Amino acid sequence: MARTPVTGAHVIEAVAVTAVALGEGAPGAWSNRAGPMEASCWDALDHLHNGLFSYALRLAAPVPWMPGTPTILWERPGDLPLPIHFDRAEGPAAGIEVLTMMGGLVAVAVDARGPAERAWHIWGVADPEGFAAMGVVETLAHAFDLAQGLRVEFEAPEDLVAPALARLFPEAPLDTDPWRTLLWATGRGSLEGFERRGPDWSWHSAPLSA
């Protein structure tokens, strides 16, 4: 069976379903720990914003980014440690709005690039589809973390999860529930018949044909 390619539309859908779930959280719950992360829900959302932002930046330049080329200084001594921050005094809705913006940036960047383009990621030099899949998985995995901290329900739709799962985790089984399998693949859950993954899990960023 042919694999469904991951596109910017999948990233847009991922941030949209995440935004709906996060909007159900009580404002006071955002100080809670975000599931398995060593971070509050506020900080976990900052992490997600910056992860998505970095994916868009890597593809946005006329020559996509590789190590050794000029890039943003992500950690600045004595200053804010990450480039994207929102005003928490404005409440969770402000952070959720920024999430949709970051997802939109990734979608635009991946859809603007041809399939032969490549940009660096620590888990493999990736094509635009790889970055689209990373945007989906990064968003949904942290949506799970945030939902745990906010004590709201969250389960991503099968037709959104399955293409990204197949792109980044080609070793994953095809006959199991995609959402449960994605949680297993990212070290967030168990899957019958498979050993649970620890914190050293990774995905396959490089094109599957590589």
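The values are calculated or read from the model by the stated rules, or taken from the named source; none is laboratory data. It should be emphasised that the depicted structure is a prediction, and the values quoted were computed from it without experimental measurement. Positions of Cβ are generated from backbone atoms using ideal geometry, with glycine treated the same way; all protein chains shown enter the neighbour counts. Please note that ligands, DNA and RNA were not included when accessible areas were found on the heavy atoms of the full protein model with its side chains. Shrake-Rupley method; radii C 1.70, N 1.55, O 1.52, S 1.80 Å.
Points worth noting:
- Only residues that are out of contact with any Asp or Glu (no Cβ under 7 Å at 6 or more places or on another chain) and open to solvent by 60 Å² or more (accessible area, probe 1.4 Å) were counted in region 82-99, giving 6.
- Enumeration of residues in region 1-43 that are farther than 24 Å from P199 by Cα, among the charged types (D, E, K, R), over 13 Å from the mean Cα position of the chain (by Cα) and at pLDDT 95 or above: E24
- A141 being surrounded by 15 or more Cβ atoms within 10 Å (Cβ to Cβ) and more than 20 Å from G23 (Cβ to Cβ): no
- Residues that are aromatic (F, W, Y) and either surrounded by 21 or more Cβ atoms within 10 Å (Cβ to Cβ) or on the phi > 0 side of the Ramachandran plot (or both), drawn from region 170-190: W184
- Residue in region 1-21 that is least open to solvent (accessible area, probe 1.4 Å), counting only those that are of a type in the set (A, V, I, L, M, F, W, C) and in a loop (DSSP other than H, G, I, E, B): V6
- Residue that is most open to solvent (accessible area, probe 1.4 Å) [pool: residues in region 22-35 that are farther than 11 Å from L99 by Cβ and of a type in the set (G, A, S)]: S31
- Residue match in region 154-169 (condition: without any contact (Cβ under 8 Å) to a residue 40 or more places away in the chain, in contact with a Pro (Cβ under 7 Å, 6 or more places away or on another chain) and open to solvent by 20 Å² or more (accessible area, probe 1.4 Å)): yes
- Qualifying residue in region 123-136 (condition: of a type in the set (D, E, K, R) and closer than 21 Å to E38 by Cβ): no
- Residues that are open to solvent by 10 Å² or more (accessible area, probe 1.4 Å), of a type outside the set (K, R) and out of contact with any Phe, Trp or Tyr (no Cβ under 7 Å at 6 or more places or on another chain), drawn from region 113-127: G114, P115, A116, E117, H121, I122, G124, V125, D127
- Check on V108, at negative phi and open to solvent by less than 30 Å² (accessible area, probe 1.4 Å): no
Every residue, every condition in (1) at pLDDT below 95; (2) small (G, A, S); (3) more than 23 Å from G124 (Cα to Cα), yes or no:
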| position | (1), (2), (3) |
| --- | --- |
| T176 | no, no, yes |
| R180 | no, no, yes |
| L183 | no, no, no |
| R188 | no, no, no |
| G193 | yes, yes, yes |
| D200 | yes, no, no |
| A206 | no, yes, no |
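- Region 40-49: number of residues that are more than 16 Å from T186 (Cβ to Cβ), open to solvent by 10 Å² or more (accessible area, probe 1.4 Å) and not acidic (D, E): 2
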